[in-house]
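These notes concern the structure reproduced below.
The values are calculated or read from the model by the stated rules, or taken from the named source; none is laboratory data. Please read these numbers as outputs of a predicted model, since none were measured by experiment. All Cβ positions, even for glycine, are placed from backbone atoms using ideal geometry, and neighbour counts span all protein chains on display. Heavy atoms of the whole protein, side chains included, go into the accessibility calculation; ligands, DNA and RNA do not. Shrake-Rupley method; radii C 1.70, N 1.55, O 1.52, S 1.80 Å.
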Amino acid sequence: MIGAILGDIIGSPYEFENHKNKDFPLFSKKSRLTDDSIMTLAIGKAMMETQREVPLEEGMDYTFIQKLQKNAIFYMQTFGRKYPNCGFGHGFYTWIFSEQPKPYNSFGNGAAMRISPIGFFAKSEKEVRLLSKAVTEVTHNHLEGLKGAEAIAMCIFAGCQGKTKAEIKEIARKYYKMDFTIDEIRPRYGFSPTCQDTVPQSIQCFLESKNFEDAIRIAISLGGDSDTIGAITGSIAQSYYGVPKELEEKGLEYLDKDLKVIYMEWKNTILERKG
């Protein structure tokens, strides 16, 4: 989760003022928390509350999935209404304030930027698919939205399992053509809010990286929807490299008290679940 949050914060100054190289300060006066982090924390909270209410025993069942969807809706709306000015797109903003929220056939990259808690929580590929679909289809029920979220969750899960980059790339190829390099596409790459134009690119940013910070720098250097590409890339990079303690501490400075409590609760939950 912290990988996504850091990628979001670091990328936030460059979303509409793209920086097409890797030389830039990681944090500046313009750095801020955006909807990417807020919704990632909301999904994490939904997972934790569902686990408390419907404890897992032999695996995911219908009751767990149904409760998770209700919690995902509740916490995304609750967090969204508490932080309404953090950069939500029009469709999602309308959904947040709807009294009867329904999926709206979206294939926006919001599906992928908030999915990282699933990749870290799941204990099998089957769980990844079930959980990813559950928390995604409440808003992004377009096939491209569902695919983008699942692809990132699967890459994160693979990173947590100690898979190699070659193995993670093979997983990505089940969803997208991964036949490009970042240097090849950077000159012509521009802003796009869709999964199909940001998810494979974010995966490639990770694949070409040397460490966590390098992954984020490559992501920002690509341009486009920089905070979201940073969040998606950062979430995979965390699963593979981990996150330097000093960067985690710096990122947490951008969270208010309530969000920081949720993050620490999530961190402890994952440690217990994986332990």
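Out of the helices (runs of 4 or more DSSP H) lying entirely within the stretch 197-269, which hold 2 or more residues that are at pLDDT 95 or above, open to solvent by less than 10 Å² (accessible area, probe 1.4 Å) and touching a Phe, Trp or Tyr at 6+ places or on another chain (Cβ under 8 Å)?
Because the criterion is at least 2 residues that are at pLDDT 95 or above, open to solvent by less than 10 Å² (accessible area, probe 1.4 Å) and touching a Phe, Trp or Tyr at 6+ places or on another chain (Cβ under 8 Å), the helices (runs of 4 or more DSSP H) in the stretch 197-269 that meet it are 199-207, 212-222, 226-241.
Scan the stretch 11-42 for residues that are surrounded by fewer than 20 Cβ atoms within 10 Å (Cβ to Cβ) and of a type in the set (A, V, I, L, M, F, W, C) and jot them down.
Hits for the stretch 11-42 are Phe16, Phe24, Leu26, Phe27.
When the stretch 132-151 is examined, which residues are found to be aliphatic (A, V, I, L, M), within 14 Å of the chain's Cα centre (by Cα) and closer than 23 Å to Tyr93 by Cα?
So the first thing to find is which residues in the stretch 132-151 are aliphatic (A, V, I, L, M), and the list is 134-135, 138, 143, 146, 149, 151.
Those left that are additionally within 14 Å of the chain's Cα centre (by Cα): 135, 146, 149, 151.
Of everything in the stretch 132-151, those that are aliphatic (A, V, I, L, M), within 14 Å of the chain's Cα centre (by Cα) and closer than 23 Å to Tyr93 by Cα turn out to be Val135, Leu146, Ala149.
Among the numbered criteria (1) touching a Lys or Arg at 6+ places or on another chain (Cβ under 8 Å); (2) assigned to a helix (DSSP H, G or I); (3) at pLDDT below 95, which one does Asp36 miss?
Answer for Asp36: the failing condition is (3).
Would you say Gly59 is assigned to a loop (DSSP other than H, G, I, E, B), open to solvent by less than 40 Å² (accessible area, probe 1.4 Å), on the phi > 0 side of the Ramachandran plot and modelled with pLDDT under 95?
yes
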